[in-house]
Structure formats: structure tokens, C-alpha cells
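Written out below as C-alpha cells is the structure these notes cover.
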Amino acid sequence: MKPKIQDVAKAAGVSPTTVSRVLNNRGYISEEMKKKVYTAMEEINYIPNDLARSLYNKKTNIVGLIVPTTKNPFFGELAAEIENYCSQKGLKVLLCNSVNNIDKEKQYWDMLRRNQVDGVIVGTYNRGLLDYEQHNLPTVAIDHYLSKDIPVVGSDNYKGGKLAVEKLLESGCQRIIHLNGPYDLETPANLRRKAYEDVMAERNLSYTTYEIPGVVDIQEHNQIIKQLFDEQPDMDGVFASDDILALAVMREAENRNIPVPEKLKIIGYDGTETIRTIHPSLTTICQPIQTIAESAVSLLQQQIEGTKPITQEEIRHDVALYGGDSI
């Protein structure tokens with residue numbers, strides 16, 4: 001039979017109320033008394049019930065994290081950094097990998113609410129999923145607009161897009177094509193496309209964009225990239241809105257015996273440590289993933305503690321160009 005709080009009290013020679021106060025850090029308890037209680041817990045192998053304690057304290061110290069796919073290095077590294085910063089603040093993370101399936105996201109959202117998480121960090125694409133006025137749960141979005149009242153944390157997408165296109169132009173490109181996700185997602189990442197169009201228009205150069213409708217469907221990505229090469233034989237530069245797309249363009253160029261960067265220059269976006277380690281030749285725009293994670297966790301904790309009002313705001317962190325050999 002599992003030992004109970006009364007067993008701890010008996011082993012420590014104190015009252016059950018004292019044990020409860022030690023476990024919940026309530027009121028003044030001397031260090032000597034705390035040591036006596038914790039020693040008794042170890043002796044009888046007592047494990048505190050976190051759920052019961054959370055009901056008592058009205059906090060679970062658990063937050064939810066919903067991402068579209070951890071297979072993408074950006075979301076994988078982001079999840080790792082968020083978990084790291086949460087751990088430093090005494091928070092545990094429930095990771096939900098939605099594969100961008102709206103039904104799965106709804107199921108995860110319901111599960112997180114049933115588990116009474118203190119807050120949620122959301123990196124999904126499905127706007128309108130959350131009825132913020134109804135759930136009223138501390139929430140922060142990563143680079144996506146989810147609701148009119150949910151704050152957003154991300155990178156300076158416009159600056160990143162501008163850096164990418166200007167780098168291609170400086171390298172002699174004139175026929176630059178842009179690959180990006182669905183424009184109707186209403187995400188700050190669309191500013192990468194806006195920057196591309198603005199810079200090309202300023203130079204009186206024509207611009208063409210190819211949309212990738214499936215954010216996690218690699219086969220669909222490859223089909224559109226093949227179409228890109230078939231329809232744009234004279235392109236000399238490609239700006240891809242993420243590194244996975246950029247690497248797919250590099251592979252297709254290799255399959256068609258098109259030398260990179262001699263005949264085709266390519267630049268991506270995200271600049272994760274994984275991609276820079278495995279494919280150091282790819283020129284890319286680096287998002288500050290650690291800073292984004294730290295900022296999101298800090299903003300969420302302020303909402304949880306009630307030290308910051310829950311209002312819509314957008315925090316944009318700076319980006320940097322990583323120079324590889326693909327340009």
C-alpha cells in the first residue's frame with residue numbers, strides 16, 4: 001500500500017497539517033522541521049501527489065505546448081528551448097504534436113484544459129481554433145495570429161525577407177523566385193513574402209511566388225518544386241521561406257545537373273543549429289530561437305502570475321544572415 005501523508009507525519013513525529021504545510025510551502029516552517037519531514041518522506045518512500053497539491057494551490061505548474069510538427073528542425077529546437085526555460089522556472093511541459101490537423105489540435109486543446117494547465121504556448125497555424133473569451137487561459141502564440149487577444153512572439157520577418165532578397169541581388173541574381181506557405185494563413189511569416197515583393201518592385205524586377213499549401217507534406221513540397229523548375233527554367237535565384245524548402249530546391253537542382261551557386265543561388269529561412277550543422281553550405285536567415293522561446297515563456301508566466309494584462313501585442317526579435325556556399 002502506498003504511504004500516505006499521515007504515515008509521513010508519524011515517521012517525522014509531527015502532525016499531518018505540518019507535513020501539508022511543508023509540501024505546499026505554506027506559512028513559516030523552520031529548516032529543521034523541513035529537513036525532518038523530507039527525511040521521513042525518503043525513509044518511507046512517500047511520493048507527493050502533484051494533482052492534489054495543484055488543487056490546493058490552484059496551480060499545476062504545467063503548461064501546454066502545441067506545435068505543428070517536431071520533425072521540422074525549427075519546431076523541434078523551439079520545443080527544446082521552451083522546455084528548458086520552463087524547467088528553469090519550475091514549470092513542466094505537455095508537448096502536443098498536432099501534424100497541423102485541426103481536429104487533433106482541438107483534441108489537444110481540450111486535453112490541456114482538462115488537465116488544468118496554467119497556460120499554453122501555441123505554434124499551430126489554424127486561426128480561429130481558440131475562442132479566447134470563452135477559455136480565458138493564459139496563451140502565447142509563436143509567429144501566428146490565432147485570436148484578436150492572443151499575443152504573438154516571433155522574429156522580424158520583414159527584415160529577414162529583405163536581407164534574403166538583397167543578398168541574392170548583390171550576388172547578381174535578376175530572376176528570383178520565392179517559395180512560401182499559404183498566404184491566407186494570416187501569419188507574420190507572410191511579411192517575408194511582402195519584403196520579397198517590395199524589394200523586387202523597387203528594382204523594377206518581376207517577381208513570382210509559389211505557395212506550398214501543405215505545411216508538413218514533404219511529397220507535396222517536392223511536387224511543387226519540380227513544377228517550379230519546369231516552369232521557371234531561367235530563374236537564377238530562389239528565396240525559400242524555410243530551410244527545409246531550400247534544401248529540397250538544392251536537391252532538385254542537383255538532380256537536374258544545375259550547379260549551385262554557379263547557375264542557381266539559394267537562400268533559406270530559420271537557420272536552426274541542426275541545419276547549419278548538417279548542411280553548412282546553405283545560406284539562410286537565422287531566427288533567434290533561444291530568444292523567442294525565452295520571451296514566450298516569460299510572457300506566459302507574467303500572464304499566469306497576473307503581473308501583465310492579457311492583451312494582444314506582437315514581439316519581433318532580430319534576425320541575422322548566415323553565409324553558406326549556396327550563394
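The values are calculated or read from the model by the stated rules, or taken from the named source; none is laboratory data. Just so we're clear, the structure is a prediction, and the values are computed from it rather than from any experiment. Methodologically, a virtual Cβ is constructed for each residue, glycine included, from the backbone with ideal geometry; neighbour enumeration extends over all protein chains shown. Remember, those area values only see protein heavy atoms, side chains included, never the ligands or the DNA or RNA. Shrake-Rupley method; radii C 1.70, N 1.55, O 1.52, S 1.80 Å.
Under 5 Å between amide hydrogens, built in the peptide plane, is the criterion, and for A320 it picks out C286 among residues at least 5 positions away or on other chains. Since only Q290, V37, Y210 are under comparison, the one whose Cα sits farthest along the positive direction of the charge dipole of the chain, derived from C-beta charges on Lys, Arg, Asp and Glu, is V37. Annotation: per residue accessible area for the chain equals 50 Å², rounded to a whole number [probe 1.4 Å, protein chains only].
At a 1.4 Å probe radius, carbon and sulfur cover how many percent of the accessible area of the chain?
That fraction is 46 percent.
Within the listed set T124, T208, T291, the residue fluctuating most in the Gaussian network model of the chain (springs between alpha-carbon atoms under 10 angstrom) is T208.
In the chain, the longest principal axis of the Cα atoms and the axis of helix 157-170 are about 30 degrees apart.
With +1 on each Lys and Arg Cβ and -1 on each Asp and Glu Cβ, how big is the dipole of the chain about its Cα centre, in debye rounded to the nearest 20? Don't skip to the answer; put the middle values down first.
Values: 36 positive and 45 negative charges, 322 e Å.
Its charge dipole is roughly 1540 debye.
Across segment 221-276, Cα-Cα pairs farther apart than 20 Å form 17% of the total. Each of A164, V8, P138 was scored by the projection of its Cα onto the charge dipole of the chain, and the greatest displacement toward the positive side belongs to V8; charges sit on the C-beta of Lys, Arg, Asp and Glu. Each of V117, L245, L264 was placed along the dipole of the chain (beta-carbon charges, centred on the mean Cα), and the one lying farthest toward the positive end is V117.
Note on M1 and I102: with the Förster distance fixed at 45 Å, the Cβ-Cβ geometry gives a FRET efficiency of about 0.50.
Using only Cα atoms, find the angle between the long axis of helix 73-88 and the longest principal axis of the chain, and express it within 0 to 90 degrees, rounded to the nearest 10. Taking Cα atoms only, the helix is inclined about 30 degrees.
Taking the Cα centre of segment 181-327 as the origin, how large is its charge dipole in debye, to the nearest 20, when only Lys and Arg (+1) and Asp and Glu (-1) carry charge on their Cβ atoms? Let's see the in-between values first.
Working: 12 positive and 25 negative charges, 48 e Å.
Charge dipole, segment 181-327, about its Cα centre: 240 debye, nearest 20.
Please go through the residue pairs K159/K194; K10/K36; K71/K167; K34/K59; K36/K59; K162/K263 and name each one whose alpha carbons sit more than 20 Å apart in this structure.
As for pairs spanning more than 20 Å Cα to Cα, those are K71/K167; K34/K59; K36/K59; K162/K263.
Restricting the calculation to alpha carbons of segment 155-213 gives Rg and Dmax of 11.0, 32 angstrom.
Spin-label pair S87-K35: with each label point 7 Å from Cα along the Cα-Cβ axis, the two points sit 2.9 nm from one another.
The DSSP beta bridges internal to the chain are antiparallel in roughly 10% of cases. Maximal additional length on extending the T277-N204 stretch stands at 22.6 nm, based on 0.36 nm per residue less the C-alpha distance. Taking the C-alpha atoms only, the angle from helix 289-305 to the longest principal axis of the chain is near 40 degrees. All C-alpha to C-alpha distances of segment 183-235, sorted into 5 Å bins beginning at zero, yield P(r) values of 4, 16, 21, 21, 24, 11, 3 percent in whole numbers. Calculated mean residue ellipticity at 222 nm for the chain: -14000 deg cm²/dmol, from DSSP H runs with n ≥ 4 weighted as -39500 (n - 2.57), summed, divided by the residue count and rounded to 500.
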